[in-house]
Amino acid sequence: MKASIADLHRKDPSGLGAAELELVLALIRGRTLHGAAERLGVDASTVFRAIRRLEKALGETLFDRGRHGYVPTPLALELGGHAERIESQLQEARAAVSGGSGEPGGVLRVTTTDTILHRLLLPLAARFAERYPGIELELVATNQLANLSRREADVAIRATRKPPEHLTGVKLGLLRAAVFASKAYLAQGKPYPEGVDWIVLDDSLPDHPSQAWRRRRFPKLPARHRVNSVLSVAGAVMAGMGVGVAPLFMFEGEPQVAIVEGPLDELDTELWCLAHPDARELQRVKLWFAFLREHVQLPKA
């Protein structure tokens, strides 16, 4: 769905064409004027003028301007959904014309946690990018679940036992966790569990399953070190600072780290690849789902 940005200067105040829909979708995905401009191949001032002109023509507000960028209104999200469907249909049409040999393209925005991104996803993303050179990946690490209904991302990869019902997705496998320590730390001979230095998550993640497990299992044992992410727990364990709970995949292939206790059945959860139903029909999203389903391999013990 590529239309010239010059088309946005049309005089007809009642028409909504491909260029207008592309503009709205670019700003939804880019979240800022600069982000949208980069997608459209123009400068930010052009996007600003175009969106103002479109809102005036429609007599409706499409985006609320805030500290964190442009937030789409329900009308903008509806238009964005139409734009995504047109985009998907155009991709299918081009593939049909080329006999199915057309190269997939577009920007694929994926959100996940820093733990999953750095230890599990990046090696796979490199292979995906090599297989599909026309697809541009935007990988966002955050502990907050992106609002896929507001097009904050195309795909979310999350550890959860109950995915949101309004999203569609595939289960990639079972995530297991255990208590780990470096072999150098264990060589000190400190008795487990009361004599070791516990590395735990801080108050920024009070409801994390590892927190609840530790409070139930060892309610009277104090923590020695606190960090603000599971990735940091793993780093502290690797550095020999003590023992901590982490997913098994974090230490797969790490000979200097050992399981102290586990796997812990109480912490079993599932890894899901999720998308909004509209985005699920995009070719690049379909390819991403299929690729992860084929290549994600999680350790079981």
Yes/no for Leu175 being in contact with a strand residue (DSSP E or B) (Cβ under 9 Å, 6 or more places away or on another chain), crowded, with 19+ Cβ neighbours inside 10 Å and closer than 27 Å to His295 by Cα: yes
Quick one: count up the residues across region 196-224 that are charged (D, E, K, R), under 21 Å from Ser182 (Cβ atoms) and outside any loop (DSSP other than H, G, I, E, B). 1
Take Ala275 and decide whether it is among the aliphatic types (A, V, I, L, M), touching a strand residue (DSSP E or B) at 6+ places or on another chain (Cβ under 7 Å) and at pLDDT below 95. yes
Of Gly134, Gly235, the only residue that is exposed (fewer than 14 other Cβ atoms within 10 Å of the Cβ) and not hydrophobic (A, V, I, L, M, F, W, C) is Gly134
Among Ala125, Ala93, Ala129, Ala146, which is at pLDDT below 80, more than 15 Å from Arg280 (Cα to Cα) and either part of a helix (DSSP H, G or I) or of a type in the set (Ser, Thr, Tyr) (or both)? Ala93
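The values are calculated or read from the model by the stated rules, or taken from the named source; none is laboratory data. This one's a predicted model, so the numbers in the text were calculated from it and none came from an experiment. Glycine gets a Cβ as well: all are built from the backbone with ideal geometry, and neighbour counts include every protein chain shown.
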